[in-house]
Amino acid sequence: MLEIKGLHVSVQGSVILNGLDLTVPEGEVHAIMGPNGSGKSTLSYTMAGREGYVATDGQILYRGVNLLKMSPEDRAREGMFMAFQYPVEIPGVSVLYFLKAALNAHRKHRGEKEVDAIEFLKLARSNADTLGMDHEMLNRQVNMGFSGGEKKRCEILQMAILQPQLLVLDETDSGLDIDALKVVAKGVNNLRSENRTILLITHYQRLLSHVVPDKVHVLSGGRIVASGGKDLALTLERKGYAEFSTEAA
Amino acid sequence: MTLLDDYAEEFLSVASHLPGYERNWLNEHRQASLQIFLENGIPTPQLESWKYTNLHVLGQRALPLASTECLHVDRKSLKPFLPEGLGERTLVFVNGWFRCDLSDDMDGAEETVTSLASALHEGQLDSHVLLGSPAPEPERALHSLNSAFMTDGAVIRFAKGKQSEGPYHLVFVTAPGADAAATHPRNIVIAERDSVAEIVETHVGLDEGAYWSNSYTSIFLESGSHVRHHRFQGDSLLAHHIGTTLVEIGTGAKYEGFTVSIGGKLARHEISAHLTGTDAGCDLTGIYLGYCSQHIDNTVQIHHLAPHGRSRQVYRGVLDGEARGVFQGKVVVAPDAQGVDAHQLNQNLILSSSAEIDTKPELEINANDVKCTHGATVGALDEEALFYMQSRGISRGTATDMLIDGFINELCRESLSPVLSEWLGSMFASWMMKRHEQ
């Protein structure tokens, strides 16, 4: 279970999150929707532990442990994964090498034996096949020269290999054509399970037609201002965020 | 007595032991070279090309030739410097002299391979043509010192139209106990018309000695030949290393140089390339890694003397601790060298606030139809990339190493065979370990 309690976050001195409360039970998919500037990205970066996002108050408890007290790498090793809105290019480092280093860091953390290069190659290839990715992509430098769709596929590949328990998708649907959107949705749906918690952070409802959430929350002015079932997303799509923005103000 | 008197005296005491002493022309060549050195002395920062590299330590006292007595070097101690799978064409030089017992047997090689000492002794090099005339410029005073004191090295002639099978590996080792002593190795490589040649040149020390290695390699590319030259410098962190590569590239010939500098308290590698024929190519790649208070200088001079030449320089450096890097890249295009295409790029990763780089591109273009570009970047590790990797569970330390590795290994993968690439990879990995220990 993920529990965010009274979270206040400042970025460069401005208060962005202002007492955010949220509970996502194990096995559920929740969507957080909100207008631009409502604090969506701040929430995901704070969860991942990015420098410069200062939690001045509150907690982010995952399975009872406060993530805010952990380094970004330890959060990941404890099962958290954030899919980036803009995946970062890593020059000179191949997808294969990058993923193997990540997987082995996880395994070492769990006290498991590291996978060797051959074993890992098999694992990576079979996951690439499932996602309809060319094996050649595994040898390319991480995200270098990738199209928007390829970058998102690469994020999904990482998820499939690292098998995170807490998944945060930060506007993963932005800039995707319909085919890429379906690949992303399929990748996320494949990971839906009883012991996994998934948080979809999005501006638009279109991803939610493919990954149907158990609950939808509206983020505005740095807090959750409304929560409801999956239909809330459709209402937002129709009416926009205006009524929630005024409420927040 | 002054430093220069000491060098004059040292020369008198060793001259009769230097190879080719019995040949008058060579003695004259050595003496003329010594004279030029004595007139100029050790280069100082007042000279433009030595502006960023101060040799005052070398100017304090004359360093005698390294001894050849009681050297405990065996093939096993050289193992880290002999990449597996490179083939059996290794020539080992210890303290500046060829060691037959540590080298592979060269009988039966297609190429003419000999040590400089025996070539001079047996009169195979019967004039100074291949040694070059002593250069009068003060900037080149250390070449003159090498010409005066040169002991040994490799002389390799790649036969016309032949493709060499695998690289020759020239390994220059300074043995333990060579503190405050100098070596002056000299290599001569001739690639005859349309030949294809490959050489690996390695300079290392077997202990952390405060020696000085002053090496000089001349490479002559006749028309249509292709030479790949990989140079690895991993000398002691207390040593001075001054290395010069002089290249002459004929019509339609191509020189590919790959230079790696990770050793030396103070190290400088200077490449001076002359593209003398039309359609000549010169492709230089450099990697330098420095930590502690290392000073690593890469100086390049490319002289386009004929039309339609192509040159490319890509140098990447990583500097940590209080290390200082220097990159000086000069491209000179002669008045009638039209249609020249010259590119230069120097990129630096600075890992600490006390590390620094002086990077100086210099273009001197005297023709009107040319394409010349240059660029330099200096930056820290990309925080976004580090965070991205951390968010996948990779520790910040490992992520840092992976980014550094990516930055330098990209060049290796592009330019080297898997054997060399892997060998250098292991050298870089041990550099990375030492960096962490600091």
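Bear in mind these aren't lab numbers, they're just calculated from the coordinates by the rules spelled out. Remember, predicted model here, so these are calculated numbers, not experimental data. Note that we place each Cβ from the backbone using ideal geometry, even for glycine, and neighbour counts take in every protein chain shown.
Hey, can you rank B:360-372, B:413-425, B:86-98 by average C-beta count inside 10 Å, highest first?
The peptides rank, most packed first, as B:86-98, B:413-425, B:360-372.
Looking at chain B as a GNM with Cα springs under 10 Å, which of B:Gln294, B:Gln35, B:Gln60 has the largest mean-square fluctuation?
Taking springs between Cα atoms under 10 Å, the residue moving most is B:Gln60.
Run the numbers for A:Arg107 and A:Asn66: contour at 0.36 nm per residue of separation, minus the present Cα-Cα distance, in nm.
Value of the extension gain: 12.6 nm.
Please state the shape class of the stretch B:382-438: rounded when a/c is under 1.5, otherwise prolate if a/b exceeds b/c and oblate if not, all from the C-alpha gyration tensor.
Oblate.
Where the centre of each part is set by its Cα atoms, how far does the stretch B:408-434 sit from the stretch B:12-50, in angstrom?
37
Compute the convex hull volume of the Cα atoms of the stretch A:13-80, divide it by the residue count, and report the result per residue in Å³ as a whole number.
98
Please list 3J(HN,Hα) in residue order for the stretch A:111-127, calculated via the Karplus relation 6.51 cos²θ - 1.76 cosθ + 1.60 where θ = phi - 60°; whole Hz, with x for glycine and proline.
So the J values, rounded to whole Hz, are x, 9, 5, 6, 7, 8, 4, 6, 4, 5, 4, 4, 4, 5, 5, 5, 5.
Taking Cα pairs under 8 Å and at least six residues apart, what relative contact order does chain B come out at, in percent?
Value for chain B: 10 percent.
Can you compute the modelled spin-label distance between B:Leu47 and A:Gln163, with each label point 7 Å from Cα toward Cβ, in nm?
6.5
Provide a whole-number value for the mean count of partner chain Cβ atoms within 10 Å of the Cβ atoms in peptide A:50-56.
Neighbouring Cβ atoms belonging to other protein chains average 2 per residue here.
Enumerate the amide H contacts of A:Arg196 below 5 Å, restricted to partners 5 or more residues apart or on another chain; note that Pro and chain-start residues carry no placed amide H.
A:Gly27
What does the helix-only formula give at 222 nm for the protein assembly as shown: each DSSP H stretch with n ≥ 4 adding -39500 (n - 2.57), the total divided by the residues, and the result rounded to the nearest 500 deg cm²/dmol?
Here the helix-only value at 222 nm equals -8500 deg cm²/dmol.
With a Cα-only, solvent-free Debye model of the stretch A:13-137, what are the log10 I(q)/I(0) values at q = 0.09, 0.14 Å⁻¹?
Debye intensities relative to I(0), on a log10 scale: -0.36, -0.82.
Give the separation of the Cα centroids, the stretch B:170-226 to the stretch B:53-121, in Å.
So the separation of the two Cα centres works out to 8 Å.
Taking the Cα centroid of the stretch B:260-295 and of the stretch A:190-207, what is the distance between the two, rounded to the nearest whole Å?
So the separation of the two Cα centres works out to 53 Å.
Based solely on C-alpha atoms, express the radius of gyration and the Dmax of chain A in angstrom.
Gyration radius and largest Cα-Cα distance of chain A: 17.9, 57 Å.
Pick from B:Gly393, B:Gly85, B:Gly250: which is most flexible by mean-square fluctuation in a GNM of chain B where alpha carbon atoms under 10 Å apart are linked?
B:Gly393
To the nearest 20 debye, what is the magnitude of the charge dipole of the stretch A:1-94 about its Cα centre, counting +1 on the Cβ of each Lys and Arg and -1 on the Cβ of each Asp and Glu? List each step's numbers first, then the result.
Working: 7 positive and 10 negative charges, 18 e Å.
Dipole about the Cα centre, nearest 20: 80 debye.
Can you tell me the mean projection area, over all orientations, of the convex hull of chain B's alpha carbons? Units nm², please.
Numbers: hull surface 83.6 nm².
Computing the convex hull of the Cα atoms and averaging its projections yields 20.9 nm².
Of the residues B:His240, B:His343, B:His184, which exhibits the maximal mean-square fluctuation in a Gaussian network model of chain B defined by a 10 Å Cα contact cut-off?
Looking only at B:His240, B:His343, B:His184, the largest GNM fluctuation is found for B:His343.
What is the calculated FRET efficiency for B:Ala180 to B:Ser118, with r their C-beta to C-beta distance and R₀ = 41 Å, to the nearest 0.05? Each step should come with its number before you reach the end.
Values: r = 29 Å, r/R0 = 0.70.
For B:Ala180 and B:Ser118, the calculated efficiency is 0.90.
Bin width 20 Å, origin at 0, all Cα-Cα pairs of the protein assembly as shown: what percent of pairs per bin?
Bin by bin from 0 Å, the calculated values are 17, 40, 26, 15, 3, 0.
Quick one: which residues, 5 or more positions from B:Gly252 or on another chain, have an amide H under 5 Å from its amide H? H modelled 1.01 Å from N in the peptide plane, none for Pro or chain starts.
B:Gly224, B:Thr278, B:Asp279, B:Ala280
Report, ordered by chain and residue number, the aspartates and glutamates lying within cross-link reach of A:Lys122, taken as a straight Cα distance under 20 Å and ignoring same-chain residues fewer than 8 apart.
A:Glu112, A:Glu114, A:Asp134, A:Glu136, A:Glu155
For the stretch B:3-277, give me the percentage of DSSP beta bridges that are antiparallel, rounded to the nearest 5 percent.
Beta bridges within the stretch B:3-277, antiparallel portion: roughly 10 percent.
For the stretch A:88-145, what value does the Rg/Rh ratio take when both radii are computed over Cα atoms and Rh is the Kirkwood radius, given to two decimals? Write out the running numbers ahead of the final one.
On the way: Rg = 11.9 Å, Rh = 12.0 Å.
Rg/Rh: 0.99.
For the stretch B:233-298, what's the relative contact order in percent, using C-alpha pairs closer than 8 Å and at least 6 residues apart?
Relative CO of the stretch B:233-298 lands at 40 percent.
Classify the stretch B:180-248 as rounded, prolate or oblate, taking a ≥ b ≥ c as the square roots of the eigenvalues of its Cα gyration tensor: rounded when a/c is under 1.5, otherwise prolate if a/b is larger than b/c and oblate if not. Walk me through the numbers on the way to the answer.
On the way: a/c = 4.10, a/b = 2.59, b/c = 1.58.
Prolate is the answer for the stretch B:180-248, as a/c is 1.5 or above and a/b outweighs b/c.
Between A:Ile32 and residues 5 or more places away or on another chain, which pairs have amide H atoms under 5 Å apart, with H built 1.01 Å from N, and which residues are they?
A:Leu200, A:Ile201, A:Thr202, A:His217
Mind checking which lysines have their Cα closer than 20 Å to the Cα of B:Lys265? Skip sequence neighbours fewer than 8 apart in that chain.
Result set, ordered by chain and number: B:Lys51, B:Lys434.
Just tell me how shielded B:375-387 is by partners: mean number of partner chain Cβ atoms within 10 Å of each residue's Cβ, no decimals.
Numbers: counts 0, 0, 0, 0, 0, 0, 0, 4, 4, 6, 7, 4, 10.
For peptide B:375-387, the averaged partner shielding equals 3.
Please sort A:46-55, A:234-243 by packing, taking for each peptide the average over its residues of neighbouring beta carbons within 10 angstrom, highest first.
In decreasing order of mean packing, A:46-55, A:234-243 become A:46-55, A:234-243.
Taking 8 Å as the Cα distance limit and 6 or more residues as the minimum spacing, I'd like the relative contact order of chain A as a percentage. Please report the intermediate quantities before stating the final value.
Working: 456 pairs, mean separation 69.9, N = 249.
Relative contact order for chain A comes out at 28 percent.
Please compute, for peptide A:82-94, the average count of beta-carbon atoms on other protein chains lying within 10 Å of each residue's beta-carbon.
That average works out to 5.
Residue separation times 0.36 nm, minus the C-alpha to C-alpha distance between B:Asp207 and B:Glu410: what's the value?
Gain in length upon complete extension: 70.1 nm.
So which of A:Lys40/A:Lys151; A:Lys100/A:Lys151; B:Lys76/B:Lys254; B:Lys162/B:Lys330; A:Lys186/A:Lys230 end up more than 27 Å apart by C-alpha?
B:Lys76/B:Lys254; B:Lys162/B:Lys330
Under 12 Å Cα-Cα from B:Lys360, which aspartates and glutamates qualify once same-chain neighbours fewer than 8 residues away are excluded?
Result set, ordered by chain and number: B:Glu48, B:Asp297.
What net charge is computed for the residues neighbouring B:Arg310, neighbours being all others with C-beta under 10 Å from the C-beta of B:Arg310, Lys and Arg scored +1, Asp and Glu -1?
In short, 0.
I need the calculated FRET efficiency for the pair B:Ser421 and A:His210, taking r as the beta carbon distance and R₀ as 51 Å, to the nearest 0.05.
0.70
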